[in-house]
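The next block holds one structure in the form of structure tokens; read it before the comments.
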Amino acid sequence: MSISGLNHYTIRCVPGDLPEIVGFYSKVLRLVPGARPTMPRPGYWLYGEGQPIVHLYASLDERVDGPTGALDHISFRTHGLAETRAFLKSEGIVYDEFPLPGTKIHQIFLKDPMGLKIELTFDLAEEKSDV
């Protein structure tokens, strides 16, 4: 497995918070709402230079303070899906996998020692081995 950079981070919120949050990131950071795969809850992907950098996900029915506040997870651009699976299994690290419907993106989620959710994002079009 190798990590080549930060892919995105996701902020969770209640649906009513979306307009204010989108407004902030659009006006202050000049990120632009763009394409987002179909998901079970409303949200936005905010882009900079053609890359989705901040994901907003209205997954909460009410505001709550979790161990990481509004930060849901951090995603790393990762390579070597087969190696990563083998390594995590060999180390006994619990993880979940999610292929993103309608895309060539494959995600692995795990938690760090502080309970922060980590996403390893693989672009299957770039994977060199069997996945």
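The values are calculated or read from the model by the stated rules, or taken from the named source; none is laboratory data. As the structure is a prediction and not an experimental result, all values here were calculated from the model. All Cβ positions, even for glycine, are placed from backbone atoms using ideal geometry, and neighbour counts span all protein chains on display. Keep in mind that these areas ignore ligands, DNA and RNA; they rest on the heavy atoms of the full protein, side chains included. Shrake-Rupley method; radii C 1.70, N 1.55, O 1.52, S 1.80 Å.
Normalised by residue count, the stretch 32-91 yields a Cα convex hull volume of 145 Å³ per residue. Among beta bridges identified by DSSP and lying wholly in the chain, the antiparallel ones come to about 75 percent. Seen against the Cα atoms of the chain and their longest principal axis, helix 18-27 is set at about 90 degrees. Between amide H atoms placed 1.01 Å from N, distances below 5 Å from residue 13 occur with 57, 58, 59, 60, all of them 5 or more places distant or on a separate chain.
How compact is the chain by the rule of thumb for globular proteins, expressed as Cα Rg over 2.2 N^0.38 Å?
Compactness ratio reported: 1.10.
Between the helical axis of 81-91 and the longest alpha-carbon principal axis of the chain there is an angle of about 80 degrees.
Quick one: how many lysine pairs does the chain have with C-alpha atoms less than 26 Å apart and a gap of 8 or more or different chains? Give me the count, please. It would help to have the intermediate numbers written out before the result.
Numbers: 89/104; 89/111; 89/117; 89/128; 104/117; 104/128.
Close lysine pairs found across the chain: 6.
Of the residues 90, 2, the one with the largest accessible area comes first in the ranking 90, 2, computed with a 1.4 Å probe on protein heavy atoms.
Stokes-Einstein diffusion for the stretch 72-118 at 25 °C, viscosity 0.890 mPa s, with a Kirkwood radius from C-alpha pairs, works out to 211 µm²/s. Ranked by the mean number of other Cβ atoms within 10 Å of their residues, highest first, the peptides 122-128, 9-15 fall in the order 9-15, 122-128. Based on Cα contacts under 8 Å between residues 6+ apart, the stretch 12-86 shows a relative contact order of 33 percent. Accessible surface comparison of 25, 57, probe 1.4 Å, protein chains only, largest first: the order is 57, 25. A cut-off of 5 Å between modelled amide H atoms, ignoring neighbours fewer than 5 places along the same chain, links residue 7 with 75, 76, 77.
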